[in-house]
Amino acid sequence: MIAAPTNSPDAARLVTPAMLVLWLVLATVPLWIARVGLYPYLGIEILIWSLYALAFNLVLGTAGLPSFGHGAYFGIGAYAFGLCQFDVVANLWICLAAAAVAAGLAGALVALFISHRRGIYYAFMTIAFGQIFWTLAIKSHRLTGGEDGLLKIRRLPADFGFVSFDLNDNVAFYYFVLIVFAIGIAGLWRLVHSPYGRVIAAIRQSEIRAAHLGYNVWLHKASIFALSAAVSGFAGGLFAMAQLAAFPDVMSLHQSGYVVMMTLVGGGLVSFWGPVVGVFLFLTARDVIGALTNAWMLYFGLLFMAIVLFRPEGIAGAVSAALHQHSLGALRERGNSAMRLLFGGGR
Amino acid sequence: MSMIEATGVHVRFGDRVVLESVDLAVAEGEFHGVMGPNGAGKTTFFNVLTGRVKPSRGAIRLGGEDVTGLSVHRIAAKGVARSFQIMTLFDEFSASDNVMMGLPEFRARGLDLAHAAAGNRQFAAKASEGLAAVGLAEKADVRAKDLSYGDRRALEIAVALAQEPRVLCLDEPTSGLGSDGVQRLTALVARLKGKLTIVAIEHDMEFLFSLADRISVIHWGQVVARGTPHELQQNEWVRRSNLGRFA
């Protein structure tokens, strides 16, 4: 749980039992996914989008800041990965680092302009900046390939010096992404439960109180946004590898909306795991319901509306209440309170 | 030398002058009360002292250092803690975590991403001490929002004290408390008296007159009277005003 008290045993751990169970289950995915009518690439997408949604939730759930243009940083990471391998050096580690750094710098630039705001003003400014980046990606034909995208991006081998792994096969790439995801999730868990993460969660609840305790609210809000953008960009770099291309679509407003839907439906406002649950549900719904009807988004949209209106704790919140015997009412109240802080401007 | 000193503080919101040439000097260890009718500018004056409002003119000195115009967090880090008229706590955090957030040691690690906040015995011990000092030792794990009104007031003071402040600013600390709560708070503040510099805005004259070393009366943005409780009781302006009925 994001707001677990500091005396919670899991909050002090780097790897929790829940993580181990999740990783073990995910490690078996290539063995059975085809038998249930799905395909390994879906597993890759779920892991990459989960990392992206967890990074996004640093801003939405942990900091309580409504960012609706986060697709820009995912996309910048994808382009940076491709451009790095074309124009700088075709090294996996350097190109992934370039993806994170480019998106982090873009996030830091935006954070300079928006971190004195919150609530609806913050939301609109994130949309505006997201649209600027999206437009730049479409219009910069020479650099990004415009609407056609940046094609022929390669899955560079994972070279450790003494041994190198080819990642062209989807199963090999799945396991690579799973390892990266496992490291990423442990890192994000630690971040959320670090003193820095506690300050961010405190700022979500009351900026005024945090400032009067001596915390630089602006710096914390700016830095969490830049960090979130950097990890989103890193996930974008992985996505470019997965797709073998980078497209401007992921930077558009409606695609930025997807990650918001995933996070809220999953329960990101009250649970660390909410974004992962939301991504799993969204992408499997896309494939399973999408196989039956083109209008799958209509049904997911209705689910989103129902969650926002009646179940702000999301699916992970409901599951957590059942598993840990928390009061569902208390979690719902937290979800409602988080919604109010997100859009009401906070204190 | 005064611990906190305001000189010629002038605040204007648009056309409206809210504070006009307000002077205040509070000695180290003094309990200084601030009273006055609603809308007199008392809370604005507190906001100036704590950095939330920048004065149009005038200066604020803390321990002789000019802190005029510094941001809220920098003034807080220099040792000015405050409570709020409308209680402001981290409602989702436990009482213990609220106090922990106030600790200077925790603040020094505010940008630490690599270590867990949990399991730090030093933080936990200091938070327990802070809660015990205000009578909340048994409620360390209770979420702030689930505490009673009186306990939340006490927690606000525990959080402020955790900052190890040089100056404690209390904005209407008895507001909304029943007679038992006021008694408990009076006893708590009496224990603090002399140990740190306290500036308190208060409407409860019994509270203020029983504890304050000196009191300033603000009206229409100006200090209209100042003195010991006894001197104020003799002050003609105070006697003629509504405030005099309680004094």
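The values are calculated or read from the model by the stated rules, or taken from the named source; none is laboratory data. Please read these numbers as outputs of a predicted model, since none were measured by experiment. Note: ideal-geometry Cβ built from the backbone for every residue, glycine included; neighbour counts use all protein chains shown.
Do any residues in the range A:12-26 that are touching a residue at least 12 places away in the same chain (Cβ under 8 Å) have Cβ atoms under 8 Å from those of residues that are of a type in the set (Asp, Glu), where the two are at least six apart or on different chains, and which pairs are they? Correct list of pairs: A:THR16/A:ASP10; A:ALA18/A:ASP10.
To keep it simple, each residue is scored yes or no on (1) at pLDDT 95 or above; (2) over 30 Å from A:ILE185 (Cβ atoms); (3) at the interface with chain A (Cβ under 9 Å from one of its Cβ atoms); (4) in contact with a helix residue (DSSP H, G or I) (Cβ under 6 Å, 6 or more places away or on another chain).
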site: B:ALA95; (1), (2), (3), (4): yes, yes, no, yes
site: B:ALA114; (1), (2), (3), (4): no, no, yes, no
site: B:ALA125; (1), (2), (3), (4): no, yes, no, no
site: B:VAL134; (1), (2), (3), (4): no, yes, no, yes
site: B:SER148; (1), (2), (3), (4): no, yes, no, no
site: B:ARG153; (1), (2), (3), (4): no, yes, no, no
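Scanning the range A:172-200 for residues being buried (at least 24 other Cβ atoms within 10 Å of the Cβ), at the interface with chain B (Cβ under 10 Å from one of its Cβ atoms) and part of a helix (DSSP H, G or I) gives a total of 7.
Being within 14 Å of chain A (Cβ to nearest Cβ), crowded, with 20+ Cβ neighbours inside 10 Å and in contact (Cβ under 8 Å) with a residue 12 or more places away in the chain narrows it down to one residue among B:GLY41, B:GLY130; which is it?
B:GLY130
If you go through the range A:139-166 and keep only what is in contact with a helix residue (DSSP H, G or I) (Cβ under 7 Å, 6 or more places away or on another chain) and of a type in the set (Val, Ile, Thr), you end up with A:THR144, A:ILE153. What do you reckon, is A:SER252 surrounded by fewer than 24 Cβ atoms within 10 Å (Cβ to Cβ), hydroxyl-bearing (Ser, Thr, Tyr) and in contact with a helix residue (DSSP H, G or I) (Cβ under 8 Å, 6 or more places away or on another chain)? Taking the combined requirement at face value, the residue satisfies it. Residues that are outside any helix (DSSP H, G or I) and polar (S, T, N, Q) were ranked within the range B:1-45; the one that is modelled with the highest pLDDT is B:THR7. If you take the residues in the range A:160-171 that are in contact with a strand residue (DSSP E or B) (Cβ under 8 Å, 6 or more places away or on another chain) and surrounded by fewer than 16 Cβ atoms within 10 Å (Cβ to Cβ), which one is nearest to the other protein chains (Cβ to nearest Cβ)? Ranking the candidates gives A:PHE165 first.
Looking across the range B:51-84, the residues that are away from every other protein chain (no Cβ under 13 Å), assigned to a loop (DSSP other than H, G, I, E, B) and out of contact with any helix residue (DSSP H, G or I) (no Cβ under 8 Å at 6 or more places or on another chain) come down to B:SER56, B:GLY63, B:GLY64, B:THR68, B:GLY69. Cβ-Cβ distances below 7 Å connect the following pairs, each with a first residue in the range A:201-223 that is more than 7 Å from every other protein chain (Cβ to nearest Cβ), a second residue that is hydroxyl-bearing (Ser, Thr, Tyr) and assigned to a helix (DSSP H, G or I), and a separation of six or more residues or different chains: A:ALA201/A:THR62; A:ARG204/A:THR62. Of everything in the range B:145-182 that is within 12 Å of the chain's Cα centre (by Cα) and assigned to a helix (DSSP H, G or I), the residue that is nearest to B:LEU131 (Cα to Cα) is B:ALA158.
Being more than 14 Å from every other protein chain (Cβ to nearest Cβ) and crowded, with 24+ Cβ neighbours inside 10 Å is a description that does not apply to A:ALA18. The residues on offer are B:GLU164, B:GLU172, and the sole one that is among the charged types (D, E, K, R) and surrounded by fewer than 18 Cβ atoms within 10 Å (Cβ to Cβ) is B:GLU164. Considered as a group, the residues in the range A:318-346 that are hydroxyl-bearing (Ser, Thr, Tyr) and assigned to a helix (DSSP H, G or I) include one that is modelled with the highest pLDDT, and that residue is A:SER320. Condition first: part of a helix (DSSP H, G or I), surrounded by fewer than 22 Cβ atoms within 10 Å (Cβ to Cβ) and either under 19 Å from the mean Cα position of the chain (by Cα) or without any contact (Cβ under 8 Å) to a residue 12 or more places away in the chain (or both). Can you find one or more residues in the range B:85-104 that meet it? Looking through the range B:85-104, at least one residue is part of a helix (DSSP H, G or I), surrounded by fewer than 22 Cβ atoms within 10 Å (Cβ to Cβ) and either under 19 Å from the mean Cα position of the chain (by Cα) or without any contact (Cβ under 8 Å) to a residue 12 or more places away in the chain (or both). Here B:VAL48 meets the list (1) of a type outside the set (Phe, Trp, Tyr); (2) away from chain A (no Cβ under 13 Å); (3) surrounded by fewer than 20 Cβ atoms within 10 Å (Cβ to Cβ); (4) not in a loop (DSSP other than H, G, I, E, B) almost entirely, failing just condition (3).
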